[in-house]
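Data block below; observations after.
Only the coordinates and a few stated rules stand behind these numbers; no lab work does. Note that the structure is a prediction, hence the values are computed from the model and not measured. Ideal geometry is used to build each Cβ from the backbone, glycine not excepted, and the neighbour counts take in all protein chains shown.
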């Protein structure tokens, strides 16, 4: 149980385009989802917290207009990187917290974004 | 604000030897503590967690961790490592809002 998927696993895009990453909880309802960014050989940096049906809460320094987060259902959250630039290249990981095991986050496998 | 420190950036251990990864936390209340493992290019897998009760916690893959309040530590141990244990290990603490604070991670290399 508590499986989280992400799609795509890898994406390469041209500078200036937008990329959408999906995060799904497969066998539980995720009332809260989190989006992290991980730089090479670094820890995870929390970007934003999203609760189903409400606006995401962004961490300080994260541009909300650049990283659009939508949590439209209890099993799906999306992160859209708008007008991507090479400095946005990174490993993006989502996690989900369920309605029963509310103290634990379950992580997706991550999405490697490369912006050319 | 809570914080997590993993003093060892990199550890090399021989296959079959014991492993201990250190984690120290700073948190005002009783912390919720976690250990996650990340293989290259993958997401994080939960190894074990501590909320309350018995201070020695058993996890998956033969790992255990001990919560020591007096030392503000939550060290991860495994008696005998396998080559498949080579990975990055993260300690994390969560606050009352469920927001995680991760340590910097410890890279474990297993030699034959």
Reciprocal mean inverse distance between Cα atoms of the range A:62-112 - Kirkwood radius, Å: 12.6 Å
Among A:13, A:23, A:94, residue whose mean-square fluctuation peaks in a GNM of chain A (springs only between Cα atoms under 10 Å): A:13
FRET efficiency estimate (nearest 0.05) - Cβ-Cβ, residue B:95 to residue A:7, R0 30 angstrom: 0.50
For residues of A:30-39, the mean tally of beta carbons on other chains within 10 Å: 2
Shape call, chain A: gyration tensor on alpha carbons, a/c limit 1.5: prolate
Along each principal axis, Cα extent of chain B, largest first, Å: 42, 29, 22
Per-residue average of Cβ from other chains inside 10 Å of A:96-102: 1
Candidates A:43, A:77, A:89: whichever shows maximal mean-square fluctuation once chain A is modelled as a Gaussian network with Cα springs under 10 Å: A:43
Among A:103, A:27, A:65, residue whose mean-square fluctuation peaks in a GNM of chain A (springs only between Cα atoms under 10 Å): A:103
Cα point-scatterer Debye curve for the protein assembly as shown, base-10 log of I(q)/I(0) at q = 0.14 Å⁻¹: -0.89
Kirkwood-Stokes translational diffusion coefficient of the range B:49-110, alpha-carbon pairs, 25 °C, 0.890 mPa s, µm²/s: 188 µm²/s
Between the range B:9-34 and the range B:40-112, the Cα center-to-center distance that results, in Å: 6 Å
Three-way shape call for the range A:26-86 based on the alpha-carbon gyration tensor, with the a/c threshold at 1.5: prolate
The range B:31-77: C-alpha gyration tensor shape, a/c 1.5 cut-off, then a/b vs b/c: prolate
